[in-house]
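Report on the following structure.
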Amino acid sequence: MPDQLGRLFQRKMDRRDLLKYTGMGVGISAVLAACKQASSAGALPSGSSRPSLSAEPGKLAVYDWAGYGDGSYYPKPEQANLWQAYQDQTGDTPQFTLFPDDDTGYTKVAAAAAGGVPFDIVHPCAYRFKDYVDLGVMQPWDTSKIPNWSDLNPQLEQFGNLSGQQYFIVEDWGFIAPLYRADKVEPQEDSWSLLFDERYSGKISWINTLEMLVIAGFLNGVSNPWEMTDDELEAQKQFLISKRPLVRTFWDQSYELFQDFKREDVYIGYAWPDAYAYAKGAGLDVQYMNPKEGRITWSCGMGLFNNTENYYHAHDYVDSWSSSKAAQFLVGSYYYGHANTHIDLSGVSPDIVKALSLDDLSILEPPNSNPESYIPRRQDYADAWSEVKAS
């Protein structure tokens, strides 16, 4: 398994390089102001009929995470991948443009909005869904044209439903939770407090994003850590500054955190489930905690641009992604969860089942889990996080 993990890392490590919340605020307001007036040039007027699938141009333009792409990195390309069923059905090969993080992806779309977005589909994460819809460049999906829709978890799909319309089809998801070396660490309780435990000074790793402020908010009882008041945000900033000397590393990629664990540079870290899988595959004695304050759940989904000329191709593509076969591949190869509820868990590593609680999806419900949410005051959070890092 370690060799397999290393190979997969070389191919996919950029998939969720980081939801880089910092450094993207400058200029966004101006772009949004210009784009608010953008027309829905590609949307059909009421009563118009669409060309058939055979009359569409094809070469579906997909704007996606680096690491989700042309399929060349799969161990056996002939095996089912995330969009193989789409290609088999339509004969079309998608054309991928890849982004390294959600802010980069969104900024490019926002800049292009007034002149027409050059993609058919985009794959952001849920905390960004509202931003895309507010740009006026998206259209709802017709879920009746997605046969696998009925197999998708309705709780996850609610994240993609805005104003009563299904603007995004949620496909992939995962957790954020404390990871620790069980042979080196004795938590006093199952809590996010482990990331701030002074007994392990110099052996702790935080993620390099402003979401550490959200973690502090959950730990310290803030009612809504995604939308803190000035006083609440200041208090969490000061709390993190007081704990900053405990931190050995700030990670940008999950594999970096795993390597720090393997070298015994750190024993405790803010982690995604793939870091747990890497560590278990390397024979490390690690535990992926379910803290009393709840894990954070991230989820990402497919959106359909309103100027697409590949309306039916897009629905077939998303249906392929939504299948149980694609779900099995995603879970087994990326160590992320999938919205399809008909995965055969007998073919999934027990470590992955444990990390994602795939045999008990009540883990996605409060109080076990807190969905990663829209942050209206993103720039204020970014400024506070910059002060924490500089302290």
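For residues that are part of a loop (DSSP other than H, G, I, E, B) and polar (S, T, N, Q), scanning just segment 187-202, find the one that is nearest to Gln259 (Cα to Cα). It comes out as Ser201. Residues that are surrounded by fewer than 17 Cβ atoms within 10 Å (Cβ to Cβ) and modelled with pLDDT of 95 or more within segment 59-77 comprise just one, Lys59. Annotation note: of Asn224, Asn148, the sole residue that is closer than 23 Å to Val353 by Cα and either part of a loop (DSSP other than H, G, I, E, B) or not small (Gly, Ala, Ser) (or both) is Asn148. In segment 187-200, is there at least one residue being touching a helix residue (DSSP H, G or I) at 6+ places or on another chain (Cβ under 8 Å), polar (S, T, N, Q), open to solvent by less than 60 Å² (accessible area, probe 1.4 Å) and closer than 21 Å to Leu82 by Cβ? So far as segment 187-200 goes, no, none of its residues is touching a helix residue (DSSP H, G or I) at 6+ places or on another chain (Cβ under 8 Å), polar (S, T, N, Q), open to solvent by less than 60 Å² (accessible area, probe 1.4 Å) and closer than 21 Å to Leu82 by Cβ. Hey, can you tell me all the residues within segment 273-295 that are hydrophobic (A, V, I, L, M, F, W, C) and either crowded, with 24+ Cβ neighbours inside 10 Å or out of contact with any Ser or Thr (no Cβ under 9 Å at 6 or more places or on another chain) (or both)? Across segment 273-295, the qualifying residues are Ala275, Ala277, Ala279, Ala282, Leu284, Val286.
One residue is enough: does segment 226-243 have a residue meeting the conditions touching a strand residue (DSSP E or B) at 6+ places or on another chain (Cβ under 7 Å) and β-branched (Val, Ile, Thr)? There is no residue in segment 226-243 that is touching a strand residue (DSSP E or B) at 6+ places or on another chain (Cβ under 7 Å) and β-branched (Val, Ile, Thr).
No other residue among Asp344, Asp380, Asp351, Asp316 is open to solvent by 30 Å² or more (accessible area, probe 1.4 Å) and either free of Cβ contacts under 8 Å to residues at least 12 places away in the same chain or touching a helix residue (DSSP H, G or I) at 6+ places or on another chain (Cβ under 6 Å) (or both) apart from Asp351. Only residues that are part of a loop (DSSP other than H, G, I, E, B) and open to solvent by 20 Å² or more (accessible area, probe 1.4 Å): list them for segment 88-106, please. Matches in segment 88-106: Gly91, Thr93, Pro100.
When the residues of segment 335-369 are filtered to those that are under 20 Å from Gln155 (Cβ atoms) and of a type in the set (D, E, K, R), the one that is modelled with the lowest pLDDT is Glu365. Output the residues belonging to segment 153-186 that are in a loop (DSSP other than H, G, I, E, B), open to solvent by 10 Å² or more (accessible area, probe 1.4 Å) and not acidic (Asp, Glu). Hits for segment 153-186 are Asn153, Ser163, Gly164, Tyr167, Ala182, Lys184.
Would you confirm, using the coordinates I've provided, whether Gly332 is part of a helix (DSSP H, G or I) and either closer than 25 Å to Asp134 by Cα or modelled with pLDDT under 90 (or both)? In short, yes. Considered as a group, the residues in segment 285-307 that are of a type in the set (A, V, I, L, M) and farther than 19 Å from Tyr167 by Cβ include one that is farthest from the chain's Cα centre (by Cα), and that residue is Val286. The selection criterion, being out of contact with any Ser or Thr (no Cβ under 9 Å at 6 or more places or on another chain) and either at pLDDT 95 or above or within 30 Å of Ala55 (Cβ to Cβ) (or both), does not hold for Ala80. Being closer than 18 Å to Glu264 by Cα and in contact (Cβ under 8 Å) with a residue 60 or more places away in the chain is not true of Asp190.
Here are the criteria: (1) charged (D, E, K, R); (2) crowded, with 16+ Cβ neighbours inside 10 Å; (3) out of contact with any helix residue (DSSP H, G or I) (no Cβ under 7 Å at 6 or more places or on another chain). Tell me which single one Lys243 does not satisfy. For Lys243, the failing item is (3). Just give me the residues in segment 308-329 being of a type in the set (D, E, K, R), over 20 Å from the mean Cα position of the chain (by Cα) and part of a helix (DSSP H, G or I), in sequence order. Hits for segment 308-329 are Asp316, Lys325. Of all residues in segment 277-292, those that are over 25 Å from Asn370 (Cα atoms) have Cβ atoms under 7 Å from Cβ atoms of residues that are open to solvent by 10 Å² or more (accessible area, probe 1.4 Å) and part of a loop (DSSP other than H, G, I, E, B), 6 or more apart or on another chain, in Gly281/Met1; Asp285/Ala182; Asp285/Asp183.
Of all residues in segment 251-262, those that are open to solvent by 20 Å² or more (accessible area, probe 1.4 Å) and either at pLDDT below 95 or over 22 Å from Tyr335 (Cα atoms) (or both) total 4.
The values are calculated or read from the model by the stated rules, or taken from the named source; none is laboratory data. Note that the structure is predicted; figures quoted are calculated from it, not measured. Cβ: placed from backbone, ideal geometry, glycine included. Neighbour counts: every protein chain shown. Only protein heavy atoms, including side chains, enter the accessible area calculation; ligands, DNA and RNA are left aside. Shrake-Rupley method; radii C 1.70, N 1.55, O 1.52, S 1.80 Å.
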